[in-house]
1. Of the residues G16, G155, G192, which exhibits the maximal mean-square fluctuation in a Gaussian network model of the chain defined by a 10 Å Cα contact cut-off?
2. Probe of 1.4 angstrom, ligands and nucleic acids ignored: what's the accessible area per residue over the stretch 19-111, in square angstrom?
3. Note down the net charge around D128, summing +1 for each Lys or Arg and -1 for each Asp or Glu among other residues with Cβ under 12 Å from its Cβ.
4. Taking K and R as +1 and D and E as -1, what net charge do the other residues with C-beta under 14 Å from the C-beta of G155 add up to?
5. In terms of modelled amide H atoms, which long-range or inter-chain residues lie less than 5 Å from the amide H of F118?
6. Looking at the stretch 1-95, which chymotrypsin sites (Phe, Trp or Tyr not before Pro) are DSSP coil and have at most 14 other C-beta atoms within 10 Å of their C-beta?
7. Which order do the peptides 48-59, 121-132 take when ranked by the mean count of other beta-carbon atoms within 10 Å per residue, highest first?
8. Just checking my list (i) 1.03; (ii) 1.13; (iii) 0.93 against Cα Rg over 2.2 N^0.38 Å computed from this structure; which label fits?
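The values are calculated or read from the model by the stated rules, or taken from the named source; none is laboratory data. None of these values were measured; they are calculated from a predicted model. Ideal geometry is used to build each Cβ from the backbone, glycine not excepted, and the neighbour counts take in all protein chains shown. With ligands, DNA and RNA removed, areas are computed over all heavy atoms of the protein, side chains included. Shrake-Rupley method; radii C 1.70, N 1.55, O 1.52, S 1.80 Å.
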Amino acid sequence: TIRFDLSGTQDFTNTGKAGYTISLTDRLPQITSAVTIDGYSQTDAQPNTQVAPAPLNTILLVEIDGSALTNVLPDQTPCVPLGSGADGSIINFLVIPNCGSDGIQLSEANNVTITGNFIGTDPTGLIDQGNGRDNTGNCAGSGVGGYSSNHITVGGTSPEDRNVIAGNQCDDLFIGNESHSANPSSENIIQGNYVGLGADGL
């Protein structure tokens, strides 16, 4: 489990709370075992409590930003890459913008849960900072890309589970099959999210 206790000079404020940006300067290695990345562990982070169609009141304070990677092999630079063996992983309460490829990429990773994130926006969920751009306007990735992965859950039935997935270049959310894999994507749940909308529902 990865938990956060970031302090020092803040990188941004969200609803008056101090937020911190992890700026990627190199491609992260693919995650190949189960991991929970828990942005809610950061002090003052707050999950959404509003029921749709009300605007979200989520306060996210940990941002994983891929701006520095968008010109470096954009098709190979997802910000959060999960591969075979990462079954059962949980990614929650993060802001994930400006990645060269997918914001969260699942490649033959099963039973992964993605909840409470803002994927493709700024920490307020209102400003477009989409993933999958190569700085020429071309399509290089999606907000969430699931490839030959089964039993993925994106969102859920509780208000705190709702993701904002918006502004991304290829698709906000893509689930399909990798060409080299005989394993099709199946039995995935997409539920309760704002897709293509800001956190205000617009």
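1. Among G16, G155, G192, the largest mean-square fluctuation in the Gaussian network model of the chain belongs to G16.
2. Numbers: 3520 Å² over 93 residues.
Roughly 38 Å² per residue, with all protein chains present.
3. Details: positive: R133; negative: D122, D172.
Cβ neighbours under 12 Å give a net charge of -1.
4. -2
5. Under 5 Å from the amide H of F118 lie the amide H atoms of L94, V95, I96, V164, each far enough along the sequence or on another chain.
6. Those that pass, being in a loop and sparsely packed, number zero.
7. On the way: 48-59: 16.7, 121-132: 22.2.
Output ranking for 48-59, 121-132: 121-132, 48-59.
8. So the structure-derived entry is (iii).
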